[in-house]
Amino acid sequence: MDRDGMGRVSGKTAIVTGAASGLGAAAAGLLAREGADVVIADLRDGEALASGLSREGLSVRCLHLDVTSEDGWDTAVDRTVAWFGGLDILVNNAGVAFPNGSVEQQTLADWRAVMSVNLEGVFLGTKYAIAAMRAGGRGGSIVNLSSILGIAASPTTASYCASKGGVRQLTKSAALHCAKAGYRIRVNSVHPGYIWTPMLEETLARRGDLEEQKRLIEAPIPMGHAGKPEDIAYGVPYLASDESKYVTGTELVIDGGYLAQ
């Protein structure tokens, strides 16, 4: 990834959830290189990423956040505002793929485990970010990570599909609410296809031989291969920046042509 940012989000403050690795780490790094003050928020330790970005002279902080905790969100947003004077960007990226299964196989406990992170976490983040952005008076941008499985379903991922479809519709509802209320807060969703992340590799490994599973995953992708985290990350600064000032309630699909079929 090119490290010579163009300052597309200079002067803005961002929280990126699930930012210790994968898509979140790529998005956090790109936003920082594009001039934002970035808070790396994750259940896991994000200090390694924060230290690396700091050595590049970038403005980053790190905090522990359980996205299913309302108190956690309240604290995370308050700390961000205290550190940087406001909140302009939220990237709701944190998510889980397991436990999963078909609608018959899924237990209620498994269903709730996926929903609590993938959907309720996005709800809480969106709610608290809107309040902070309104208080700051500068407007803002919320970018919610959904999935192609929030648009086209799979028979073996009932809770994941439902949670990501919920993110898609929650995004549209929040976007309409903010627009009609005159808040100058935009809310959009990003829908990645198959991207090589630790979460995807863990998912495939559960199904059998990893290399064989990779071949099966990539075969139906028109561009012939799965994407990399930076392929998704490059879409985030556009939606987070003033370049997309007339874009709200939309879904940005980045999937190598998968849903075009």
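Summary of computed values
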read-out	value
Candidates 187, 253, 247, filtered to the one that is β-branched (Val, Ile, Thr), at pLDDT 95 or above and touching a Ser or Thr at 6+ places or on another chain (Cβ under 8 Å)	187
Pick from segment 106-126, criterion out of contact with any helix residue (DSSP H, G or I) (no Cβ under 8 Å at 6 or more places or on another chain) and polar (S, T, N, Q), ranking: farthest from residue 141 (Cα to Cα)	107
Extreme residue, surrounded by the most Cβ atoms within 10 Å (Cβ to Cβ), among residues of segment 173-216 that are among the hydroxyl-bearing types (Ser, Thr, Tyr) and in contact (Cβ under 8 Å) with a residue 40 or more places away in the chain	189
Yes/no for residue 162 being buried (at least 16 other Cβ atoms within 10 Å of the Cβ), modelled with pLDDT of 95 or more and more than 24 Å from residue 217 (Cα to Cα)	no
Qualifying helices (runs of 4 or more DSSP H) (wholly inside segment 169-261; at least 3 residues being in contact with a strand residue (DSSP E or B) (Cβ under 8 Å, 6 or more places away or on another chain))	229-233, 235-240
Pick from segment 217-244, criterion surrounded by 13 or more Cβ atoms within 10 Å (Cβ to Cβ) and among the aliphatic types (A, V, I, L, M), ranking: modelled with the lowest pLDDT	217
Selection status of residue 104, at pLDDT 95 or above, acidic (Asp, Glu) and within 14 Å of the chain's Cα centre (by Cα)	no
Condition met for residue 26 (assigned to a helix (DSSP H, G or I), in contact (Cβ under 8 Å) with a residue 40 or more places away in the chain and within 26 Å of residue 228 (Cβ to Cβ))	yes
Residue in segment 39-57 that is without any contact (Cβ under 8 Å) to a residue 60 or more places away in the chain, farther than 21 Å from residue 199 by Cβ and of a type in the set (Lys, Arg) present	yes
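The values are calculated or read from the model by the stated rules, or taken from the named source; none is laboratory data. Keep in mind that what you see is a predicted model, and the values were worked out from it rather than measured. Don't worry about glycine lacking a Cβ; one is built from the backbone with ideal geometry, like all the others, and counts go over all protein chains shown.
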